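Rule-based calculations on the coordinates, nothing more; no lab input. Since this is a predicted model, take the numbers as computed values, not measurements. With ideal geometry, Cβ positions are generated from the backbone for all residues, glycine too; neighbour counts draw on all protein chains shown.
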Amino acid sequence: AFRVLATLAFAAAPAFASMIIVNNFSFETLPVGGLTFHDCGTVCSYSLATILIPIPGWSSTPSSTSGQFQPGGPTSAANVFFTSLPDGATSAFANTFGTMSQTIAGESVGLGTVYTLSVDIGHRGDATNVFMGGSADLMLGSTRCDAIGVDPGAGKWGTYTTTATCVGTSANAGAPITIELRTIGDLGNAHYTGNFDNVQLSGVPEPASFLLIGSALLALKAFRRRRPIA
């Protein structure tokens, strides 16, 4: 009995770890050669995620429609794109139905684990026909969890997060975990862009896991008290 309870307790204990590593979560790691395009302003630079200069840690489809972006720094007076940046001097962008994705290395969907994806999505403020078209999704195998938020307004950023219904189930347990950042592209004369920063992911076990640990530890304590003295 002692061995069984100890095994249950130690098996559930790793589930307490909540933060999950996202490579290049703030897009501050620049591509080889840096940001090579400078036709967006005197202090602005960007890259395109072609086969030559991909976004480190991320995959892009199609590759030519996304990249990394430095609009001039969080406090630059020349920054006409955003009034500030959520984290660091660099963000990422996607245009024309572009998608950036990352499958989390060394992680798989845990049964009963609640996953929370948090992404800052920006609304460019440099033109009247540029609209916020970015969205973020967390894929638990084939299960899609949408990050929900509110358009922060031109020149600003809003934090979008998944809900508590993004849970590992028997249908997707053990499957890969993938983050997808995308944009809806252009509609008519309107240009919809996705601007992304500060991508965070965490996983917390369902309450039943904590109950399992607590019950096991209480049972172990009772077992020790009742053990006869030699």
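Mind pulling the per residue volume of the convex hull built on the Cα atoms of the stretch 74-153? Å³ is fine.
Details: hull volume 10.2 nm³, N = 80.
Expressed per residue, the convex hull around the Cα atoms of the stretch 74-153 is 127 Å³.
At a Förster radius of 30 Å, what calculated FRET efficiency corresponds to the Cβ-Cβ distance of MET19 and ASN189, to the nearest 0.05? Don't skip to the end; give the middle numbers.
Numbers: r = 43 Å, r/R0 = 1.42.
Computed FRET efficiency for MET19 and ASN189 comes out at 0.10.
Go through the stretch 85-90 residue by residue and turn each phi into a ³J(HN,Hα) via Karplus (6.51, -1.76, 1.60, θ = phi - 60°); whole Hz please, and just put x for glycine and proline.
Computed from phi, the couplings for the stretch 85-90 are 10, x, 7, x, 9, 10 Hz.
So what are the ³J(HN,Hα) numbers for the stretch 97-108, from phi and the Karplus equation (6.51, -1.76, 1.60; θ = phi - 60°), rounded to whole Hz, Gly and Pro as x?
6, x, 9, 10, 9, 8, 8, 5, 6, x, 10, 9
Taking +1 at the Cβ of each Lys and Arg and -1 at the Cβ of each Asp and Glu, which of VAL80, MET132, VAL114 sits farthest along the dipole of the stretch 59-165 towards its positive end, judged by Cα position relative to the Cα centre?
Checked the options; the winner is VAL80.
Mind listing the phi-derived Karplus ³J(HN,Hα) values for the stretch 149-165, rounded to whole Hz, using 6.51, -1.76 and 1.60 with θ = phi - 60°, and x for any glycine or proline?
Values, residue by residue: x, 10, 4, x, x, 4, x, 10, 10, x, 8, 10, 9, 7, 9, 5, 7 Hz.
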